[in-house]
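Engineer: This is the structure I want to talk about, given as structure tokens.
The values are calculated or read from the model by the stated rules, or taken from the named source; none is laboratory data. In this text the structure is predicted, and so the values were computed from the model without any measurement. Here the Cβ positions follow ideal geometry from the backbone for every residue, glycine too, while neighbour counts run over all protein chains shown.
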Amino acid sequence: MKKHLVIRGFLYTIFTVNAIASLYAQNGGKQSLKFSGIDRTVKVSDLRQVPFFLAGKSLYEIGFMNGSFPAQGNETEERGVWSHPIKLLNGFGFVLSENNQYTWALTDATDFESDFYSARFSFSQHHLSVTREDFVAENDKALFVKLNINNDSPTDRTLKLEFSGIVDIRPSWRAETLRNEKDSIYYKNGQIYAFDSSGLLTMGSPINPSAYFIRQDTAALIYDLCLPAESSIEIPFLVTGECSTTSKSVTTLQERYNRLINYHNPEKRKNRRNIHIL
């Protein structure tokens, strides 16, 4: 009996070690820096643990290299999207699904590449390869996110794409004259809007969503995508917002959104490509 217990304990230990190693490997990846003649790539054991930072003159983003915005245990964490002196979002994300076969959250990037003014995340599952590119405009309060989805299979695919944001409009702890209040969130004309007394934001895409939902502080836009065999689709998204003391109205925000939505990476002349929606 004791011998059997020892064998079982040994097998359980081997199983546990293999499971941990497998989980560890799934979160591993590569981190690359390509900038002004510099090209460096290193292996990273766990991209969930490595933050990144992108900034323009008046808006910045702090996330993690696996494509997520994990909570860090307190209410004043820096993660998310900020338009100083207020936060706009605690984070945002994408989920792909196909005919109820699977639900794939794009938080398992295998590669992260940065050139200081933009960041790219690479994902691969279910015979799909996806690239997400984030870019904060230099002179506009705007975060552009471009998603490129490739159908690597020889069959047509019908997908649903969910783009969601965790709304948290509130002042930084140093902004003593602003108050943090309950956010009002609503949907209009294909976009999500949110505001409180300290600021306002909007987020969306040139493609009209097929559905949307708003649940507490999370707002999502859902898109139906049809990808022919071995084809791809490129979709730009835009998040913009600011402190309400410097904005005249929602109309001002809407005008900025309309001006920028079709111009992903307007100042990035290097390797610039026209956006093409299939």
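Engineer: Report yes if Val95 is over 23 Å from Cys226 (Cα atoms) and within 12 Å of the chain's Cα centre (by Cα), otherwise no.
Structural biologist: no
Engineer: Hey, could you check the stretch 32-51 for residues that are surrounded by 17 or more Cβ atoms within 10 Å (Cβ to Cβ) and under 25 Å from Phe163 (Cβ atoms) and say which is modelled with the highest pLDDT?
Structural biologist: Filtering first and then ranking leaves Arg48.
Engineer: Filter the stretch 198-230 down to residues that are small (Gly, Ala, Ser), in a loop (DSSP other than H, G, I, E, B) and surrounded by 14 or more Cβ atoms within 10 Å (Cβ to Cβ), then give me how many there are.
Structural biologist: The number of residues fulfilling the criteria is 2.
Engineer: Going residue by residue through the stretch 157-169, is there one that turns out to be crowded, with 22+ Cβ neighbours inside 10 Å and over 17 Å from Ser68 (Cα atoms)?
Structural biologist: yes
Engineer: Turning to a different aspect of this structure: If Thr155 passes every condition in (1) free of Cβ contacts under 8 Å to residues at least 60 places away in the same chain; (2) part of a loop (DSSP other than H, G, I, E, B) but one, which one does it miss?
Structural biologist: (1)
Engineer: Just checking, which of Thr240, Thr245 is at pLDDT 95 or above and over 30 Å from Arg157 (Cα atoms)?
Structural biologist: Thr240
Engineer: Of the residues Asp140, Asp134, which is among the charged types (D, E, K, R), buried (at least 18 other Cβ atoms within 10 Å of the Cβ) and within 15 Å of the chain's Cα centre (by Cα)?
Structural biologist: Asp134
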